[in-house]
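Read-outs: derived from the displayed coordinates by stated rules, not from any lab. Note that this is a predicted model, so its numbers are computed, not measured. As a convention, Cβ positions derive from the backbone with ideal geometry for all residues, glycine included, and neighbour counts pool all protein chains shown.
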Amino acid sequence: MKFTNAVVTGAAGGIGRALAARLRSEGTHVVLADIDADALTATAGELGGEAVPADVSDAASMAALAAAAPDTDLVCLNAGIVGRDLGVPWEVSAEDWARVFAVNAGGVSNGLRAFVPGMLASGRPGHILITASLAGLVTFPAGGAYAASKHAVVALAEQAALSLAGTPIGVTMLCPALVRTGMSPEGEDPADIADAALTAIRAGRFAVVPDGWGGEIERRGRWLASGEQPSLPNVPG
Ligand SMILES: NC(=O)c1ccc[n+]([C@@H]2O[C@H](COP(=O)([O-])OP(=O)(O)OC[C@H]3O[C@@H](n4cnc5c(N)ncnc54)[C@H](O)[C@@H]3O)[C@@H](O)[C@H]2O)c1
């Protein structure tokens, strides 16, 4: 499936930029959206895309983005922040809890509200890519508001996939481990993550999970089902 008109949030850098670059290389018209207007203008100029500054945590801003991007057939709800504190829950400030949830979970829910009704009304095939994280599939003791917000993003992606089953709109959820971006100095190349996401979309797959983590995700499911106490994830060697 070749996409005609794509929107990517958090597109000024990192994974969003890599998604936009990959789509541009396929000839897709891409609307790049980001809260960092200067970086956005520079990236859109380099990639030959259209820059629309937007704050994903603001429902009106996302509605304006959708209005500026008619006939969208691929929406990548990718923008996210780590927050200031990656500690245990009671050590994270109330402000951090609110902002991280507003951007990470609110960015996805605002995106779904802004784009899905129009995509359904068009009757045309389309797809929604949601960037969650491995941090939303397994749980460590700390991880601050980020980890909990990404569990919320996983639930939102599942809700969207279940609700849109049987419609022409597909849903894929990207759950990377570490990726070398503004968020992390180490990890995988964002271009490889973008490739994996587009390959999964075209294969009709729901989740993109890093190699080696499937067993830990299953183990979490088993203790949730059995009532046992949780235990630390084993990081695959
Ligand atoms: N880098 C990693 O290790 C990693 C791992 C798993 C998941 N992720 C997820 O990937 C996504 C992309 O992150 P990245 O790694 O490319 O980080 P990044 O910091 O390089 O890029 C994130 C982009 O989102 C933008 N942004 C932040 N708040 C915004 C807002 N309110 N509205 C619009 N744009 C906003 C930033 O300006 C930035 O350009 C995030 O959802 C992140 O949680 C990243």
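Can you work out ³J(HN,Hα) from phi for every residue in the range 41-54, in order, using Karplus 6.51 cos²θ - 1.76 cosθ + 1.60 and θ = phi - 60°, giving whole Hz and x for Gly and Pro?
These are the phi-based 3J(HN,Hα) values: 4, 5, 5, 4, x, 5, 8, x, x, 9, 9, 10, x, 7 Hz.
To the nearest Å, what is the center-to-center distance of the range 12-51 and the range 79-101, using C-alpha atoms only?
Distance between centres, Cα-based: 27 Å.
Considering only DSSP beta bridges with both partners in the range 51-189, what is the antiparallel share in %, to the nearest 5?
Working: 1 of 12 bridges.
Expressed as a percentage, antiparallel bridges in the range 51-189 total about 10.
GNM, the chain, Cα, under 10 Å: largest mean-square fluctuation among PRO210, PRO185, PRO89?
PRO185
Taking 0.36 nm per residue of separation and subtracting the Cα-Cα distance, what length does fully extending ASP195 through ALA155 add?
Working: separation 40, 0.36 × 40 = 14.40 nm, distance 2.36 nm.
Full extension of this stretch gives 12.0 nm more.
Calculate the dipole size of the chain relative to its Cα centre from +1 charges on Lys and Arg beta carbons and -1 charges on Asp and Glu beta carbons; express the result in debye to the nearest 20. It would help to have the intermediate numbers written out before the result.
Values: 15 positive and 24 negative charges, 127 e Å.
That gives the chain a dipole magnitude of about 620 debye.
If exposed means no more than 16 neighbouring beta carbons inside 10 Å and the site is in a DSSP loop, what's the longest run of the chain without any exposed GluC sites (Glu not before Pro)?
Values: sites that count: GLU26, GLU186, GLU228.
For GluC sites (Glu not before Pro) (loop position, at most 16 other Cβ atoms within 10 Å), the longest site-free span of the chain is 27-185.
Please state the charge dipole magnitude for the range 87-177, taken about the Cα centre, from unit charges on C-beta atoms (+1 on K and R, -1 on D and E), reported in debye and rounded to the nearest 20.
Values: 4 positive and 4 negative charges, 67 e Å.
Using only the charged Cβ atoms, the result is roughly 320 debye.
Going by how many other Cβ atoms sit within 10 Å of their own, how do SER163, SER61, SER133 line up, fewest first?
SER163, SER61, SER133
Can you tell me how the range 85-147 classifies by the Cα gyration tensor, rounded, prolate or oblate, using a/c under 1.5 as the rounded cut?
Values: a/c = 5.86, a/b = 2.30, b/c = 2.55.
Oblate, since a/c reaches 1.5 and b/c is not below a/b.
Testing the spin-label approximation: label points 7 Å from Cα along Cα→Cβ at ARG202 and SER163. State their distance in nm.
2.9
Choose one answer from ALA33, ALA114, ALA225: the residue with the largest mean-square fluctuation in a GNM of the chain with alpha-carbon springs under 10 Å.
Comparing ALA33, ALA114, ALA225 in a Gaussian network model of the chain, the most mobile one is ALA225.
Sort LEU77, LEU40, LEU164 so that the residue with the fewest other Cβ atoms within 10 Å of its own Cβ comes first and the one with the most comes last. The partial results should precede the final answer.
Numbers: LEU77 32, LEU40 24, LEU164 19.
In increasing order of surrounding Cβ atoms, one gets LEU164, LEU40, LEU77.
What is the order of VAL88, VAL82, fewest Cβ neighbours within 10 Å to most? Kindly include the intermediate steps, with their values, before the conclusion.
On the way: VAL88 12, VAL82 20.
Neighbour counts put them in this order, fewest first: VAL88, VAL82.
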